[in-house]
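**Student:** Below is a structure I'd like to ask you about.
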Amino acid sequence: MTRPRRRREVGSRAPTAVIVVGIAGLTIFFVLPFAGLLWRAPWSQVGSVLRDDTARQALRLSLVCSLSATGLSVLFGLPIAWLIARTEFRGRNFVRALTVLPLVLPPVVGGVALFYAFGRRGLVGQWLDHAFGVQLPFTVWAAILAETFVAMPFFIITVEGALRGLDTRYEDAAATYGASRWTVMRRVTLPMIGPSIIAGLALTWARALGEFGATITFAGNFPGKTQTLPLAIYLAFENNDPAGIVLSIVLVAVSVVILALVGSRVWSARGRIPTPVP
């Protein structure tokens, strides 16, 4: 009895040239920069840098601001993504372009735009100041607002893409059995796009954690008040302080760990998503 020949999987392996170019790209743009960072790190000073109050305050403020920005991105970004993906209205393409505009704008331009919108003499800021005595620039809230501005588009485009690519037959079936729109959204749609939501959260948080340009323009760089970790790194390098390398490694390590954990959960969850039977 002859054994059946194993069927060759079409497309399972890329051409050799593609593999070589891919490895070269990984090495040049990802491996070497981080390897250089580790190579120049003053390892003997790591303990003293991490015990420094300024560095610890910057790390704490970065975590607070980035997590707050991520929360605001979910609060406002999910309805925006749903509106763009599931609602037909005139000017939808313009709205989509507007929501992704911060991705292509220089962050400093975003900070200037926020300043003239929410500054003391800004479009809305002057009303906040006169009516409530609220002044946003150069405060923690300014840092959170700046990080939300540049990071929310990552969440919106990720969730919108998931909603647009979702097979709606499960939703239609739930509606046929009498489920309300809220029930369908809560019990069917959101669980099915859950991996994309998690991925969007990770991207949004990582972008907010590393935000620099809009933050320094709108919130300033005041140690213990608005100085996040990227701003502390910039100031350290400006003063030729080796602490900047240590703080850079800390920022990279925190981001890599969180993204790796989230990525593993996303891919494991993707494998559990049911596929509709035609």
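**Student:** For the chain, modelled as a GNM with alpha-carbon contacts under 10 angstrom, which of 87, 99, 139 fluctuates the most?
**Tutor:** In the Gaussian network model the winner is 87.
**Student:** Rank by packing, highest mean first: peptides 239-249, 169-179, with packing defined as the count of other Cβ atoms within 10 Å averaged across residues.
**Tutor:** By packing density, highest mean first, the sequence is 239-249, 169-179.
**Student:** Report, in debye and to the nearest 20, how large the dipole of the chain comes out about its Cα centre when Lys and Arg carry +1 and Asp and Glu carry -1 on their Cβ.
**Tutor:** It comes to approximately 1280 debye.
**Student:** Another one. Please compute the contact order of region 54-270 in relative form: average sequence separation of alpha-carbon pairs under 8 Å and at least six residues apart, divided by the residue count, as a percent.
**Tutor:** So the answer I get is 31 percent.
**Student:** Something else now. Give the distance, in whole Å, between the Cα centre of region 53-69 and the Cα centre of region 117-151.
**Tutor:** With region 53-69 and region 117-151 each reduced to a Cα centre, they are spaced 19 Å.
**Student:** Over what distance in Å are the Cα centres of region 178-238 and region 92-116 separated?
**Tutor:** What the calculation gives is 16 Å, centre to centre.
**Student:** Each label point is 7 Å from the Cα along the Cα-to-Cβ direction; what then is the distance between the points at residue 240 and residue 98, in nm?
**Tutor:** In this crude label model, residue 240 to residue 98 measures out at 4.9 nm.
**Student:** Which distance in nm do the two modelled labels at residue 169 and residue 140 give, with both placed 7 Å along the Cα-to-Cβ direction?
**Tutor:** Label-label distance for residue 169 and residue 140, simple model: 5.1 nm.
**Student:** Can you give the extra length, in nm with one decimal, that the chain gains between residue 123 and residue 187 once fully stretched, where that is 0.36 nm per residue apart less the Cα-Cα distance? Working shown, then result.
**Tutor:** Working: separation 64, 0.36 × 64 = 23.04 nm, distance 4.06 nm.
Separation in residues times 0.36 nm, less the Cα-Cα distance, equals 19.0 nm.
No lab work stands behind these numbers, since they all come straight from the coordinates. What you see is a predicted model; the values in this text were computed from it and never measured. For neighbour counting, all protein chains shown are included, and Cβ atoms are generated from backbone atoms with ideal geometry for every residue, glycine included.
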